[in-house]
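Shown next, in structure tokens, is the structure this report addresses.
Derivation of every value follows stated rules applied to the coordinates shown; laboratory data play no part. Predicted, not measured: the structure shown is a model, and the values here were computed from it. We place every Cβ from the backbone using ideal geometry, glycine too, and count neighbours over all the protein chains shown.
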Amino acid sequence: RGVEVVVHDDEITIDLYVVVEYGTRISTVAESIKDVVKYQVERALELPVSEVNVHVQALRVSDYE
């Protein structure tokens, strides 16, 4: 799905669907994504972002050979 954006009463709700690399701190990655997306969208559109929800869909495991 990727990204879903809903605008209601001049407030924005964003749902992000991501795949995270195995071994990373999911909570740290999710919080960082939320902060950056909220800041950039509010800066670009000058509308308040009420929610940024990060949904971890899967973990990716890379081959380290």
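For the chain, the list of chymotrypsin sites (Phe, Trp or Tyr not before Pro) that fall in a loop by DSSP and count at most 13 other C-beta atoms within 10 angstrom reads Y22, Y64. Can you compute the FRET efficiency between D63 and D9 using 1/(1 + (r/R0)^6), with r the Cβ-Cβ distance and R0 = 35 Å? Round to the nearest 0.05. Rounded to the nearest 0.05, the efficiency is 0.15.
Which of the trypsin sites (Lys or Arg not before Pro) found in the chain are loop residues per DSSP with 15 or fewer other Cβ atoms within 10 Å of their Cβ?
Values: sites: R1, R25, K34, K38, R43, R60; in loops: R1, R25.
Here the sparse-neighbourhood loop sites are R1, R25.
Taking Cα atoms only, the orientation of helix 26-45 departs from the longest principal axis of the chain by about 30 degrees. Each Lys and Arg adds +1 at its Cβ and each Asp and Glu adds -1 at its Cβ; summed about the Cα centre, the chain shows a dipole of about 200 debye.
How much mean residue ellipticity at 222 nm does the chain get from its helices, if each DSSP H run of length 4 or more adds -39500 (n - 2.57) and you divide by all residues, to the nearest 500 deg cm²/dmol? Walk me through the numbers on the way to the answer.
On the way: 1 runs with 20 residues, N = 65.
Calculated mean residue ellipticity at 222 nm is -10500 deg cm²/dmol.
One quarter of the convex hull surface built on the alpha carbon atoms of the chain amounts to 5.0 nm², the projected area averaged over directions.
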